[in-house]
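Worksheet: the structure to be examined is printed underneath.
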Amino acid sequence: MRQSLEAEGFFVRTDVEYRKPKGKTRKSSGYGDIDILAEHPDGRKFLVQVKGWHTEWLAPNYFRNKRPFIDKLAKSKAEDVLKSSDFKTILVFSKIGRLRDRVKELAHEQGIDYVKEFKGILQQLTRHVEKHRNYDSEVLQTIRVLKVYGFLNDESESAISQIWTKEALRIGQ
């Protein structure tokens, strides 16, 4: 996700910690972290939480009787760091189940503006990476090497382009 945002021109901070006070449940206090805070020169700002549960589908039951994916303390810390409360929230998940509309509705009720799948992010990065250019990012360099050695060829990239929608390409628009 970081590389995807940077490719779109965002400045990115990762693993932003915040303190969690001792709660009513008497659990010890500790720290939470925001996976990504992103800010674009045009003023767009995002708080992003990434759930890399690659063998699971995001389904409506994840939202029932569970703590929110993005809690109030994380949002408060994002406001402090971004110096604004005018930001959008994104939840990145491996896959969204069959009840996509219901999942998005429940996410919105939790204050999450967008739900993105890893597949779409990887598709965007695959299109962005060029064979004949070196990258500082290990992720982008790995995608480049896969392209060079034919694991990602023009045919697979063409199929990816057909799947990828305009709505999914632009984050937050």
Query - Subset of the range 85-112 (residues that are within 13 Å of PRO68 (Cβ to Cβ), surrounded by 15 or more Cβ atoms within 10 Å (Cβ to Cβ) and touching a Ser or Thr at 6+ places or on another chain (Cβ under 8 Å)) - result: ILE112
Requested in this report: Considering (1) under 30 Å from LEU146 (Cβ atoms); (2) in contact with a strand residue (DSSP E or B) (Cβ under 7 Å, 6 or more places away or on another chain); (3) of a type in the set (S, T, N, Q), say which one THR89 fails and leave the rest.
Outcome: (1)
Report summary line: Considering the range 139-164, residues that are at pLDDT 90 or above and of a type in the set (D, E, K, R), and then whichever is farthest from the chain's Cα centre (by Cα), we arrive at LYS147
Report task. Please work out which residue is surrounded by the fewest Cβ atoms within 10 Å (Cβ to Cβ), limiting yourself to the range 113-132 and to residues that are among the basic types (Lys, Arg) and touching a helix residue (DSSP H, G or I) at 6+ places or on another chain (Cβ under 7 Å). Result -> LYS131
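A quick yes/no check of all residues on (1) small (Gly, Ala, Ser); (2) modelled with pLDDT under 80; (3) part of a strand (DSSP E or B); (4) surrounded by 13 or more Cβ atoms within 10 Å (Cβ to Cβ):
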{"position": "VAL12", "(1), (2), (3), (4)": "no, no, yes, yes"}
{"position": "ARG19", "(1), (2), (3), (4)": "no, no, yes, no"}
{"position": "THR25", "(1), (2), (3), (4)": "no, yes, no, no"}
{"position": "LEU37", "(1), (2), (3), (4)": "no, no, yes, yes"}
Report task. For the range 81-119, enumerate the residues that are over 24 Å from GLY43 (Cβ atoms) and of a type in the set (Gly, Ala, Ser). Result -> SER94, GLY97
Requested in this report: Could you give me the residue pairs with C-beta distances under 9 Å whose first residue belongs to the range 60-83 and is touching a residue at least 60 places away in the same chain (Cβ under 8 Å) and farther than 11 Å from GLN110 by Cβ, whose second residue is of a type in the set (Gly, Ala, Ser) and loosely packed, with under 12 Cβ neighbours inside 10 Å wherever it lies, and which are 6+ apart or on separate chains?
Outcome: ALA78/SER85
Query raised in the report: Identify, please: which residue in the range 39-86 is touching a strand residue (DSSP E or B) at 6+ places or on another chain (Cβ under 7 Å) and of a type in the set (S, T, N, Q) and is, among those, modelled with the highest pLDDT?
Result: SER84
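Okay, residues lined up against (1) of a type outside the set (Asp, Glu); (2) assigned to a helix (DSSP H, G or I); (3) over 28 Å from ARG19 (Cα atoms):
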residue	(1), (2), (3)
ARG67	yes, no, no
ARG98	yes, no, yes
GLN124	yes, yes, yes
HIS132	yes, no, yes
ARG144	yes, yes, yes
Query raised in the report: So which residues in the range 40-58 are outside any strand (DSSP E or B) and surrounded by fewer than 17 Cβ atoms within 10 Å (Cβ to Cβ)?
Result: HIS40, PRO41, ASP42, GLY43, GLY52, TRP53, HIS54, THR55, GLU56
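The values are calculated or read from the model by the stated rules, or taken from the named source; none is laboratory data. Please read these numbers as outputs of a predicted model, since none were measured by experiment. Counting neighbours? That spans all protein chains shown, and the Cβs are built from the backbone with ideal geometry, glycine included.
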